[in-house]
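The values are calculated or read from the model by the stated rules, or taken from the named source; none is laboratory data. Small disclaimer: the values here were computed from a predicted structure and weren't measured. Cβ: placed from backbone, ideal geometry, glycine included. Neighbour counts: every protein chain shown.
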Amino acid sequence: MGWKAAQKLIHHWKILRGDNVMVTGGKDRGETGVIKRVIRSQNRVIVEGKNLVKKHIKQGQGHEGGIFTVEAPLHVSNVQVLDPVTGKPCKVGIKYLEDGTKVRVCRGVGASGSIIPRPEILKIRTTPRPTIVGPKDTPIDLVMEKMYDAKTGKGMPDL
């Protein structure tokens, strides 16, 4: 049985892949782990090493069958981000610094109010940027060509 899509999707996610979280509900309540994957279409997250279930997989061509232990998704309401200072679970708020950057902060009773750092894993690209020119890429000389000159008005379309 697979998971259905969520009835009401969370539009502004405050939990990211790579965050340290504490499981607040289910059979692994009170344990901490790192978020491995975020499934936004179902409002669920997969926490590394938590909510383990047995999965029966039939043997097929190219892979072996058997009973495997896999991590099942948890609903996002059953996890809370850990405060980096106190190490206790806290709510996540959003604040803007003086220079205009958006940061996540700890909120709630007993929270330190400190900034929750962005996980390092999000800075790593999963697919490298292409280095070779493809058939649909625009040549660099056409990109660098100046189409509009503000001083002379050359290249301005007739409106």
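Brief remarks follow.
- Qualifying residue in segment 136-143 (condition: surrounded by 10 or more Cβ atoms within 10 Å (Cβ to Cβ), in contact (Cβ under 8 Å) with a residue 24 or more places away in the chain and of a type in the set (D, E, K, R)): no
- Of the residues making up segment 24-50, those that are of a type outside the set (D, E, K, R) and under 17 Å from Val70 (Cα atoms) are Gly26, Gly33, Val34, Ile35, Val38, Ile39, Val45, Ile46, Val47, Gly49.
- Residue in segment 113-124 that is nearest to Gly18 (Cα to Cα), counting only those that are surrounded by 14 or more Cβ atoms within 10 Å (Cβ to Cβ) and of a type in the set (Val, Ile, Thr): Ile121
- Scanning segment 57-78 for residues that are in contact (Cβ under 8 Å) with a residue 12 or more places away in the chain and not β-branched (Val, Ile, Thr) turns up Phe68, Glu71, Ala72, Pro73, Leu74, His75, Ser77, Asn78.
- Inclusion of Lys54 among residues that are touching a strand residue (DSSP E or B) at 6+ places or on another chain (Cβ under 8 Å), modelled with pLDDT under 95 and not in a loop (DSSP other than H, G, I, E, B) is not warranted.
- First in segment 4-26 and surrounded by 16 or more Cβ atoms within 10 Å (Cβ to Cβ) and of a type in the set (D, E, K, R), second anywhere and assigned to a loop (DSSP other than H, G, I, E, B) and modelled with pLDDT under 95, Cβ under 8 Å, 6 or more apart: Asp19/Pro119
Residues are listed down the side, and each one gets a yes or a no for (1) of a type in the set (Ser, Thr, Tyr); (2) in a loop (DSSP other than H, G, I, E, B); (3) in contact (Cβ under 8 Å) with a residue 24 or more places away in the chain; (4) surrounded by 10 or more Cβ atoms within 10 Å (Cβ to Cβ):
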position: Gln80; (1), (2), (3), (4): no, no, yes, yes
position: Gly87; (1), (2), (3), (4): no, yes, no, yes
position: Glu98; (1), (2), (3), (4): no, yes, no, no
position: Val103; (1), (2), (3), (4): no, no, no, yes
position: Ala111; (1), (2), (3), (4): no, yes, yes, yes
position: Lys146; (1), (2), (3), (4): no, yes, no, no
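- Any hit, segment 37-48, residues being assigned to a strand (DSSP E or B), surrounded by 14 or more Cβ atoms within 10 Å (Cβ to Cβ) and touching a His at 6+ places or on another chain (Cβ under 7 Å): yes
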